[in-house]
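Pasting a structure below so you can have a look.
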Amino acid sequence: MLTLSQDDVLKILPKVDVFTTVEAMFGALGRGEAVQPKQVQTLFPGNKGDYINYSGVWMSAGVYGLKTSPFIVHDKGYTVTAWTLLMSTETGEPMLLVDSSRLTLERTAATTAVAVKYLSKKEAKKLAVIGSGAQALAHIRYVSGLRNWESIKVWSLNSSELTAEKQEEFKRAGNGVLEFAPTKEIALEEADVILLCTSAASAVIKACDIKGSPLITSISTNAPGAHEIDPAMLANMEVYCDCTATTATVAGEMKLAAQSGCWNPEMVKGDLGALVNGSCPVPTGDKPVFFRSIGQGLEDVAVALAVMKEFQK
């Protein structure tokens, strides 16, 4: 069995087309060639942490995979890691064990980018990014070539504290049209696409912040009930997600909106599998569009498989 460290992954990643890999995987999922079970959380006794396990079978690619991510509480601080195991669906033998820390970053941003490809208006020109961490930067890298952006505005609570080197890294990713906005309001002004890339556990966007019918994407965090938009907004949006079967009853804002009675999971118009295969309605353009991703095991399987194949060339 091949074992790859974080350093191995970083050397191989520039050669891997993560976006196309993730898009192809969702296409297979939409055609019934893959299976995506729900996440499983295993709690430690005494509130000492947990393991979150993400699994998936991509049958047409001949692979089963499991990403397991522990959160281990110590007397001082905590440890978080992530590893993905791939096994052959033909032989039942393990093929790969890989450190998934960086792969998680890449597959999350690539999944959002697939949503932007299928859900944003073709004429979209203005991009807003709320957040200034690693996820925000990765999202910008993946979506920068998807539309002819005339402006990319970035804002977060601490974006003004970024080093000059980090600001320059963002600007390079933004292909010369990126700037840091002094306020959230200025960042969101006339935005056609809004990427929420924060670790917030409660809403950073409310209805009054939005004008027109932009696409808003959200990744949020694993904190209980975490959400980046006001749940009440869902009632007046066209809602999509990464995988309806696993996201629509789990994502924080969706659960809260359903509990309040203003929305229900059956109102999700489609997911990435259906969008890639053209088997669900696309946005009408009459309302804001919301895309929610919680991270799927198949995303980890797909990217780990692509890394393994590149390493074996």
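The values are calculated or read from the model by the stated rules, or taken from the named source; none is laboratory data. Just so we're clear, the structure is a prediction, and the values are computed from it rather than from any experiment. Methodologically, a virtual Cβ is constructed for each residue, glycine included, from the backbone with ideal geometry; neighbour enumeration extends over all protein chains shown. Keep in mind that these areas ignore ligands, DNA and RNA; they rest on the heavy atoms of the full protein, side chains included. Shrake-Rupley method; radii C 1.70, N 1.55, O 1.52, S 1.80 Å.
State the percentage of accessible surface on the chain attributable to carbon and sulfur atoms; use a 1.4 Å probe and exclude ligands, DNA and RNA.
Whole-percent figure for carbon plus sulfur exposure: 53.
How big, on average over all directions, is the shadow cast by the Cα convex hull of the chain, in nm²?
Result: 16.8 nm².
Keeping every protein chain present and rolling a 1.4 Å probe, give me the accessible area per residue for segment 44-101 in Å².
Heavy-atom SASA per residue in segment 44-101 reads 54 Å².
Across all directions of projection, what mean area in square nanometres is found for the Cα convex hull of segment 38-93?
Here the figure is 4.6 nm², rounded to one decimal.
Going by amide H atoms built from the backbone, whose H comes under 5 Å of the H on Val129, apart from near neighbours?
The answer is Lys153, Val154, Trp155, Leu195.
Give a quick list of trypsin sites (Lys or Arg not before Pro) in segment 48-134 that DSSP marks as loop, anything other than H, G, I, E or B, with at most 11 other Cβ atoms within 10 Å.
For trypsin sites (Lys or Arg not before Pro) across segment 48-134 that sit outside H, G, I, E and B with at most 11 neighbouring Cβ atoms in 10 Å, the list reads Lys76, Lys122.
Where does segment 215-313 land on Rg/Rh, using Cα atoms and the Kirkwood Rh?
We get a ratio of 1.05 for segment 215-313.
So for His139, His74, His227, what's the accessible-area order with a 1.4 Å probe, most first?
His74, His227, His139
How would you classify segment 80-125 from its alpha-carbon gyration tensor, with a ≥ b ≥ c the square roots of the eigenvalues: rounded for a/c under 1.5, else prolate if a/b is greater than b/c, otherwise oblate?
oblate
Shifting gears a bit: Between segment 215-256 and segment 1-53, what is the C-alpha centre distance in whole Å?
If we compute the Cα centre of each part, the gap is 21 Å.
Given a 1.4 Å probe and the protein chains all in place, what does the accessible area of Val289 round to, in Å² to the nearest 10?
Rounded to the nearest 10, the figure is 10 Å².
Among Tyr64, Tyr240, Tyr51, which one moves the most in a GNM of the chain with springs linking Cα atoms closer than 10 Å?
Sorting by GNM fluctuation, first place goes to Tyr51.
Additional query: Sum -39500 (n - 2.57) across every DSSP H segment of at least 4 residues in the chain, then divide by the residue count to get the 222 nm mean residue ellipticity, nearest 500.
Counting only the DSSP helices, I get -9000 deg cm²/dmol.
Oh, and also: In percent, what relative contact order does segment 222-261 have, based on Cα pairs under 8 Å that are 6 or more apart in sequence?
It rounds to 55 percent for segment 222-261.
Sorted by accessible area with a 1.4 angstrom probe, largest first, how do Glu23, Glu93, Glu165 fall?
Glu165, Glu93, Glu23
I've got another one for you. In percent, what relative contact order does the chain have, based on Cα pairs under 8 Å that are 6 or more apart in sequence?
Over the chain, the number comes to 21 percent.
How large is ³J(HN,Hα), in whole Hz, for each residue of segment 257-268 in order, when computed from phi with the Karplus curve 6.51 cos²θ - 1.76 cosθ + 1.60 and θ = phi - 60°, using x for Gly and Pro?
Along segment 257-268, the couplings run 5, 5, 5, 7, x, 8, 7, 9, x, 5, 7, 5 Hz.
Using only the alpha-carbon atoms, how far is helix 101-119 inclined from the longest principal axis of the chain? Give it as 0 to 90 degrees, nearest 10.
50
For segment 108-216, what does the accessible surface come to per residue with a 1.4 Å probe? Please give it in Å².
The answer is 45 Å² per residue.
Please report the relative contact order for segment 148-236, taking Cα pairs under 8 Å with a sequence separation of at least 6, and give it as a percent rounded to a whole number.
25
Further question on the same structure: Express the accessible area of segment 228-279 per residue in Å², computed with a 1.4 Å probe while the remaining protein chains stay in the model.
37
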